[in-house]
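Read the structure below first, then the notes.
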Amino acid sequence: MDREQLKRGILSMLLASFCFALVGACTRLLRHSISSVEIVFFRNLIGVLFIGYSVFRRPLQQVGGKPLLLVFRGVVGTIALYTFFYSVTKIGLAEAITYQQTYPIFIAVFSVFIVGEGLKGKEWLAVLLGFIGICFIFVPQMSGGLLSARNHVIGIGNAVLTAFAYMSIRKLSSFYDSRSIVLSFMISGIVLPIISMILGAYYTLPSLDFLIAEFVMPQQKDWLWILTLGVAAMIGQIYLTKAFSFGKAGIISAVGFSNIVFSVFFGLLLGDPSPQLLAFFGIALVIISGILISWQARK
């Protein structure tokens, strides 16, 4: 492996991780102005403009033939975004993004029970470490009452949904241009929030506030953070793709967990309380688990 190529891959992943953490930071800044459902809408509206322009410049090249799976990826990915942005607005930024980064653990487990793939002993150990890490973050929240526990369950739910979305991408990549897969996600991420906000105009359901919310016109100061969020999400996706084209996937995946480190920094900068010692230990276990799973899966 060319050292220069590996260096470029690592730098690309660091930039992608920084951008994804910035998306979380912008979400925290917007949480008192607009709902997480609305954030999902604007995030995808900005993104679809970039992808649409790319398709206009270079037409799609694909086999196709799996429309239902394409729709499934779009819908599941959108609901995953609902839960991600909601958890970012309700719990600490570092904890929310750590939950999201546990998706490789769930992919490994689902691959055994759904796809029928076997795991080696080291991979089972990594999965166990990951679940212990989740427990170290989640269990202390039980003392905060049912509402706190619910918000953290939604955060963990994001990782489960993200795992299903990523597993569907594995299948779709053989039939569709990568931009089609992204477009299915973004178009769903526009249509579903519109439906959610129409329902939110007539119904108030506190138990489903992460899915249904009324549209609120952003204030003038909010547009900067909305634009930054959308652009950062697109830049992050571009450099994430570039990162894996430059270097060894195992090393690049490991660097991707810097997202959590950046999130801790942004969270503290925005006034989040510092995670407790047990939570820090849990975050460390999740990072170790994810690195081990990524490394083993790409050998």
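The values are calculated or read from the model by the stated rules, or taken from the named source; none is laboratory data. Just so we're clear, the structure is a prediction, and the values are computed from it rather than from any experiment. Cβ: placed from backbone, ideal geometry, glycine included. Neighbour counts: every protein chain shown.
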Exercise for the section: Identify, by number, the condition in (1) crowded, with 22+ Cβ neighbours inside 10 Å; (2) without any contact (Cβ under 8 Å) to a residue 12 or more places away in the chain that Phe42 doesn't meet. Expected result: (2)
Practice task
Just name the residue that is nearest to Gln5 (Cα to Cα) out of those in region 197-243 that are aromatic (Phe, Trp, Tyr) and surrounded by 13 or more Cβ atoms within 10 Å (Cβ to Cβ).
Solution key: Tyr239
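Does Phe85 fit the bill of being at pLDDT 85 or above and in a helix (DSSP H, G or I)? Before the answer, list the steps.
Working: at pLDDT 85 or above: yes; in a helix (DSSP H, G or I): yes.
Considered against the rule, which asks whether it is at pLDDT 85 or above and in a helix (DSSP H, G or I), Phe85 comes out as yes.
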Handout entry: Cβ-Cβ under 8 Å pairs, at least 6 apart or on other chains, region 253-270 side in a helix (DSSP H, G or I), far side modelled with pLDDT of 90 or more and basic (Lys, Arg)
Key = Phe266/Arg28; Gly267/Arg28
Completion exercise
Note: among Leu172, Leu147, Leu192, Leu161, just one is without any contact (Cβ under 8 Å) to a residue 60 or more places away in the chain and either under 30 Å from Pro275 (Cβ atoms) or among the hydrophobic types (A, V, I, L, M, F, W, C) (or both), namely Leu147
Practice task
Keeping to region 123-147, report how many residues are exposed (fewer than 12 other Cβ atoms within 10 Å of the Cβ) and either in contact with a helix residue (DSSP H, G or I) (Cβ under 8 Å, 6 or more places away or on another chain) or at pLDDT below 75 (or both).
Solution key: 3
Handout entry: Which listed residue, of Leu81, Leu49, Leu68, is loosely packed, with under 15 Cβ neighbours inside 10 Å, of a type in the set (A, V, I, L, M) and closer than 24 Å to Thr228 by Cα
Key = Leu49
Exercise for the section: Return only the number of the condition from (1) more than 13 Å from the chain's Cα centre (by Cα); (2) farther than 16 Å from Ala233 by Cα; (3) surrounded by fewer than 24 Cβ atoms within 10 Å (Cβ to Cβ) that Ser35 does not satisfy. Expected result: (3)
Fill in the blank from the handout: Taking first residues from region 230-242 that are modelled with pLDDT under 90 and in a helix (DSSP H, G or I) and second residues anywhere that are among the polar types (S, T, N, Q) and buried (at least 21 other Cβ atoms within 10 Å of the Cβ), the pairs with Cβ under 6 Å that are 6 or more apart or on different chains are Tyr239/Ser12; Lys242/Ser12
